[in-house]
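Asker: The structure is given below, and queries will be raised subsequently.
Each value in this text was obtained by applying a stated rule to the coordinates, not by laboratory testing. Quantities reported herein were computed from a predicted structural model and do not represent experimental measurements. Backbone-built Cβ (ideal geometry, glycine too); neighbour counts: all protein chains shown.
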Amino acid sequence: MKYLQLCLMILFATLSACKMNKVYEIKNDKGVVMHRITVLGDTSNGKNGLYESFDEQGRPIEAAEYHDGKLQGTRKLYEDGAIYSIETRNADLFEGKYQAFHKNGQVSVEGIYVNNVMSGEWVSYYPSGAVKDKVIMKDNAENGPFTEYYENGKIKAQGSFLDGPDEEGELLMYDSTGSLEKKMDCKKGICKTLWKKDSL
């Protein structure tokens, strides 16, 4: 590890003088590529281009685009060689679409960042690809209406969050057939049952 770190330091020092598009690789003692850097143009202000890292088996760990030493554009992270997340960055900050993935490759969650803040509708999914829930985000917290779903597509719950993960106001609960089971009234996450289907 120390050897690889030293090689990277030397490589980046060398790249600082480069003004051409080139590909550089660092391999371990078994010949496996651990780092690959695609230099795009002038690097006097920091890394410019595509940076890739790999594990001992040659499986991808990270692929990220840089401009003037900062993350710019798409960044992909991998776990055990499988895609784990795809981010969009602007000068290191989260900006734009974000996706995370289940181990089977299906999207697990997706949403939008605005100036490094989770905003708007975020959606999570079951490993099957079916929608699990939808929620409105504001300032990195749940804030607004949400809907939860059973894997069969039927609505499981509907309500609203206020400034975080606590329910506020009316909360409706459904069974797996889509039939309304319960009505509740919530204050700061503490919910009181107003009506139950079996109470009729």
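Asker: Sort VAL32, VAL109 so the one with the fewest other Cβ atoms within 10 Å of its own Cβ comes first.
Answerer: VAL32, VAL109
Asker: I need LYS156, LYS70, LYS192 ordered by Cβ neighbour count within 10 Å, fewest first. Please list the in-between numbers first.
Answerer: On the way: LYS156 19, LYS70 16, LYS192 9.
Ranking LYS156, LYS70, LYS192 by Cβ neighbours within 10 Å, fewest first, gives LYS192, LYS70, LYS156.
Asker: Among (1) 14.1; (2) 10.6; (3) 19.3, find the value of mean projected area of the Cα convex hull in nm² that was calculated from the structure presented, and write down its label.
Answerer: Label (1) holds the value from this structure.
Asker: Related question: Taking Cα pairs under 8 Å and at least six residues apart, what relative contact order does the chain come out at, in percent?
Answerer: That works out to 7 percent.
Asker: Right, something else. Using +1 on the beta carbon of Lys and Arg, -1 on that of Asp and Glu, and nothing else charged, what's the dipole of the range 116-200 about the Cα centre, debye to 20?
Answerer: My answer is approximately 240 debye.
Asker: For the chain, what does the helix formula give at 222 nm: sum of -39500 (n - 2.57) over DSSP H segments with n ≥ 4, over the residue count, nearest 500 deg cm²/dmol? Mind showing how you got there, number by number?
Answerer: Values: 1 runs with 14 residues, N = 200.
That comes out to -2500 deg cm²/dmol.
Asker: Please state the relative contact order of the range 116-200 as a whole percent: Cα pairs under 8 Å, 6+ residues apart?
Answerer: Worked out over the range 116-200, it gives 17 percent.
Asker: Residue-wise, which Karplus ³J(HN,Hα) couplings in Hz belong to the range 149-166, taking 6.51 cos²θ - 1.76 cosθ + 1.60, θ = phi - 60°, and x for glycine or proline?
Answerer: After applying 6.51 cos²θ - 1.76 cosθ + 1.60, I find 10, 6, 5, 7, x, 6, 5, 9, 7, 9, x, 9, 9, 10, 6, x, x, 8 Hz.
Asker: Each label point is 7 Å from the Cα along the Cα-to-Cβ direction; what then is the distance between the points at LEU194 and VAL32, in nm?
Answerer: About 5.9 nm separates the two model spin labels.
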